[in-house]
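Asks: First the structure, which I've put down as structure tokens, then a few questions once you've had a look.
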Amino acid sequence: MRMRLRSLGIAVSLLVPSLTLGACLERRLESVAPCTRSSVTQALAVHYVDSVDLLFVIDDSGSMDEEQRSLERELPRLVSVLASGDRDGDGAEDFRPVRSLHVGVVSTDLGAGVATPHTLGACVHGSGDDGRLRRTDAVCSGLPADGVFDFARGDDLGAFVSTVQCGASLGTDGCGLEQPLEAALEAISPADATGWTAAGYDAPRFLDPDTGLRSRAGHAEGANAGFVRDDSVLAVVVVTDEEDCSASDTAIFGDDAATAARFGGDVQLRCTRLADPGAGVLHAVDRYVRGLVGLRREPGLVVFSAIAGIPHDLVASAATERGFDFDAILGDPRMGYEETGERANFLRDACTSPSGSADPARRVIETARGLANEGAGVSLASICDEDFGPAIDGVIARIADALNGACLPRDLNPDAEGRVDCEVFEVLPTPGTTSAVTACSGLAGRELFEVVERGGTMHERCRVTQLDRATGLAGSAAGWFYDDASEERRASCGDDGQRISFTEIARPALGSVIELECLQTIGPAQEHAAVSCDEASAPCELGMFCEPGDGDRCGTGTSLPDGAGVALVCDEVERLCAAPCTNDADCRTAGLSGYVCDLRTNGEAAGTGATELDPAIAAATRARCVNPTCH
């Protein structure tokens, strides 16, 4: 998927044309609407980091033996690719390699809380493994004492992988009432907001099985201290063949007559029968969306991957350029909670394989959808796949996205030399943080622009030098460039993708946030909080961004003054929704007083940017209403 860019604000300034006394006018005077320019500030949804904290949440119930083996087989390649940045094995870096990798493993076993079921012997009163990282035990004596598998460049990769493989082999004696979402959140949540959590972070509380109250803090600064770091990509990989049963009321796990009368007799099916948030039994998935995305200052630093109960063909058919069609997955009949009489107390399988089957993982998918909507990186795979290679490829791709920087959701209008009408600013970490650079003077290609307050602390905001395309690709100067041509961009953003790239000598500081600010001409009184109409559900209005070929979207929305019934079209030159015309009168009829019909060719109107247009488009007549003070 492409990383979402978060809109921070809109500032509109009036451009007043100057007139020289005595100048001759070639057209008659008439009222002209003022030309405005929209200054759109967006933050690339990523800090520049080179560390990854990777948490595996692994189902250790009785049906997971072969699935754990499949995961272990892929771990060497996962670590090797992250350490080298070479995704395709050709010896060249496809993304920024990981300098430091933390790996942690927790199980889905959180016990039975305040209840003590009898039919599920592995589920006992208490908190089970309690979201604590796996440490040295009798089976894997070489595991780290604090549960943090720590790899840095130059370390023995083979020895590290071997240790992680043993740590990921949890066995199959765990509780069959899996709570992967709650286990993940408890493992990596701090007790309170920290320097690395998002603004407004509200730390969740977890069950104390002795009191039945949700009064305990997460383990990020306690039992699992040191795993989550200040500036890292935080990746969570859930591996389970059953649905999540993260219970707000663990009384559902009881097996006595009173509990059966209250919740139903089939303990295994209560989690799906009572999955609706209105039942007040399971935690709403929003707890995990807010809780996980809140663990990083920018959502692009969060990666969530699920290897769970999803039909294999559905994963493939629901994959889109931007991620996944989650509604299509959740709407598929195979993903419904259908109870079957073929086996007592079981759901109909979402998928099957020679080694077993899996229940529909609806809550896990709903969490993935929520995180993707917030800007986190998300990958999905079917646990019924015998080969987990594609699943691990998805994990690698999302981590690589976060390490590389954000791909732009639409292309900009570069001039002949590849420059765009944009500024790039870098907001540096505040002094006293882990970053070595907190002043613009310490970075090449920067100048101090202003000092800003972010999250209650002051930061230097640097203006970064823009380079032309050739200089940027050659890396011969310090600065940024609009990257629509490099092979690295292709690997990260796709054949037709684009991004903001930095030359090697001008890499951003660790922990900084990159902001992109672009100017775009818009029509009168069109000050939109969101100037892009990339989604079909948000039809374009006059002056809003569009892509050539998306004319239907422009045409479904019109805000032209007194211009009811005028269907907008996408202007190929400026990529703005505009009113079509054959003469000036058409513009006046549309209610655009003072506008004129531009009957030049698109190539003539584009000027030096004509080389970026398709020849057929460049030769066509523009035939769009334009503001003469802007053109």
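Asks: State, to one decimal in nm, how far the label point of residue 585 lies from the label point of residue 217, with both points 7 Å from Cα in the Cβ direction.
Replies: Placing both labels 7 Å beyond Cα along the Cβ direction yields 7.6 nm.
Asks: Work out the FRET efficiency for residue 346 and residue 614 from their Cβ-Cβ distance, taking R0 = 56 Å, and round it to the nearest 0.05. Let's see the in-between values first.
Replies: Numbers: r = 57 Å, r/R0 = 1.02.
My answer for the efficiency is 0.50.
Asks: What dipole magnitude, in Debye to the nearest 20, does the stretch 412-511 give about its Cα centre under +1 on Lys/Arg Cβ and -1 on Asp/Glu Cβ? Intermediate values should be presented prior to the final figure.
Replies: Working: 10 positive and 17 negative charges, 69 e Å.
The calculation lands at about 340 debye.
Asks: Can I ask one more? At 0.36 nm per residue, and after removing the present C-alpha to C-alpha distance, how many nm does the segment from residue 325 to residue 452 gain when stretched out fully?
Replies: Working: separation 127, 0.36 × 127 = 45.72 nm, distance 3.83 nm.
Answer, rounded to one decimal: 41.9 nm.
Asks: Calculate, in nm to one decimal, what residue 313 and residue 599 gain on full extension: separation in residues at 0.36 nm each, minus their alpha carbon distance.
Replies: Values: separation 286, 0.36 × 286 = 102.96 nm, distance 5.04 nm.
Gain on extension, residue 313 to residue 599, equals 97.9 nm.
Asks: Out of 143, 194, 171, whose Cα points farthest toward the positive end of the dipole of the stretch 135-195 (charges: +1 Lys, Arg; -1 Asp, Glu; placed on Cβ)?
Replies: 143
Asks: Next question. How far apart, in nm, are two points set 7 Å out from the Cα along the Cα-to-Cβ line at residue 507 and at residue 124?
Replies: In this crude spin-label approximation the distance works out to 4.8 nm.
Asks: Using 7 Å Cα-to-Cβ label points, what is the residue 63/residue 487 separation (nm, one decimal)?
Replies: 4.6 nm
Asks: Only Lys, Arg, Asp and Glu count, each charged at its Cβ (+1, +1, -1, -1), so figure out the dipole size of the stretch 155-305 about its Cα centre, rounded to 20 debye.
Replies: Details: 11 positive and 24 negative charges, 85 e Å.
Here the size comes out at about 400 debye.
Asks: Net charge near residue 470, counting Lys/Arg +1 and Asp/Glu -1 over other residues with Cβ under 14 Å of its Cβ? Each step should come with its number before you reach the end.
Replies: Working: positive: 419, 469; negative: 415, 417, 468, 483, 484.
Net local charge, residue 470 excluded: -3.
Asks: Next up: Relative contact order, percent, of the stretch 412-511 when contacts are C-alpha pairs under 8 Å separated by at least 6 residues? Provide the component values of the computation, followed by the final result.
Replies: Details: 194 pairs, mean separation 27.0, N = 100.
Rounded, it is 27 percent for the stretch 412-511.
Asks: Now, a different point. State the extension gain, in nm to one decimal, for the chain segment bounded by residue 205 and residue 150, taking 0.36 nm per residue of separation less the distance between their alpha-carbons. Provide the component values of the computation, followed by the final result.
Replies: Details: separation 55, 0.36 × 55 = 19.80 nm, distance 2.77 nm.
Stretched out fully, the residue 205 to residue 150 stretch lengthens by 17.0 nm.
Asks: May I pose another question? May I ask you to give the average projected area over all directions of the convex hull of the Cα atoms of the stretch 412-511, in nm² rounded to one decimal?
Replies: On the way: hull surface 27.9 nm².
Answer in nm², one decimal: 7.0.
Each reported figure results from applying straightforward, stated rules to the coordinates on display, with no laboratory input. Everything quoted here is computed from the prediction, not taken from an experiment. Neighbour counts run over all protein chains shown; Cβ positions are idealised from the backbone, glycine included.
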